[in-house]
1. Looking at (1) of a type outside the set (Lys, Arg); (2) modelled with pLDDT under 90; (3) in a helix (DSSP H, G or I), which one does Ala41 not meet, given that it meets all the others?
2. Can you work out which of the residues in segment 26-57 that are in contact with an Asp or Glu (Cβ under 9 Å, 6 or more places away or on another chain) and without any contact (Cβ under 8 Å) to a residue 12 or more places away in the chain is nearest to Arg80 (Cα to Cα)?
3. Quickly run through segment 26-36 and pick out the residues that are open to solvent by 60 Å² or more (accessible area, probe 1.4 Å) and either in contact with a Ser or Thr (Cβ under 9 Å, 6 or more places away or on another chain) or in a helix (DSSP H, G or I) (or both).
4. Can you tell me which residue among Leu22, Leu73 is open to solvent by 70 Å² or more (accessible area, probe 1.4 Å) and either out of contact with any strand residue (DSSP E or B) (no Cβ under 9 Å at 6 or more places or on another chain) or under 24 Å from Tyr3 (Cα atoms) (or both)?
5. Being without any contact (Cβ under 8 Å) to a residue 24 or more places away in the chain and either more than 8 Å from the chain's Cα centre (by Cα) or assigned to a loop (DSSP other than H, G, I, E, B) (or both) is the filter here; which residues of segment 3-25 pass it?
6. Take the residues in segment 44-57 that are outside any helix (DSSP H, G or I) and small (Gly, Ala, Ser); name whichever of them is surrounded by the most Cβ atoms within 10 Å (Cβ to Cβ).
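The values are calculated or read from the model by the stated rules, or taken from the named source; none is laboratory data. Worth saying up front: this structure is predicted, and the values here are computed from it rather than measured. As a convention, Cβ positions derive from the backbone with ideal geometry for all residues, glycine included, and neighbour counts pool all protein chains shown. Note: accessible area is taken over every heavy atom of the protein model, side chains too, but ligands, DNA and RNA are not part of it. Shrake-Rupley method; radii C 1.70, N 1.55, O 1.52, S 1.80 Å.
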Amino acid sequence: MQYVEIAIALAGALALAWIADLVTGRRGLGATVLVALVSAACGAFLAVRVFAVAVLTDWEWLPWSMAAAVLGLFAFFLFRSKR
């Protein structure tokens, strides 16, 4: 049960990527998964190392991670090329 927070963050990022892919009607799940996972990792890094509001054994970094995944997915669909 040591890494349950990380497993929840991974599952949450994958769920957010899947929901974003369904909502936008795209069929490129690989790109949305990549964006969500990288954004979630960046959000966890911001919470743990930059702002020092939590450690990885706490639950406080999970909302930061999910918020970063949402922002990353929003930016991905906003700024990607539409060829």
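1. With (1) of a type outside the set (Lys, Arg); (2) modelled with pLDDT under 90; (3) in a helix (DSSP H, G or I) applied to Ala41, the lone miss is (2).
2. Selected residue: Gly28.
3. Arg26, Leu29, Leu34 - these are the residues of segment 26-36 that are open to solvent by 60 Å² or more (accessible area, probe 1.4 Å) and either in contact with a Ser or Thr (Cβ under 9 Å, 6 or more places away or on another chain) or in a helix (DSSP H, G or I) (or both).
4. Leu22
5. So the first thing to find is which residues in segment 3-25 are without any contact (Cβ under 8 Å) to a residue 24 or more places away in the chain, and the list is 3-4, 7, 11, 14-15, 18-19, 21-23, 25.
Of everything in segment 3-25, those that are without any contact (Cβ under 8 Å) to a residue 24 or more places away in the chain and either more than 8 Å from the chain's Cα centre (by Cα) or assigned to a loop (DSSP other than H, G, I, E, B) (or both) turn out to be Tyr3, Val4, Ala7, Ala11, Ala15, Trp18, Ile19, Asp21, Leu22, Val23, Gly25.
6. Filtering first and then ranking leaves Ala54.
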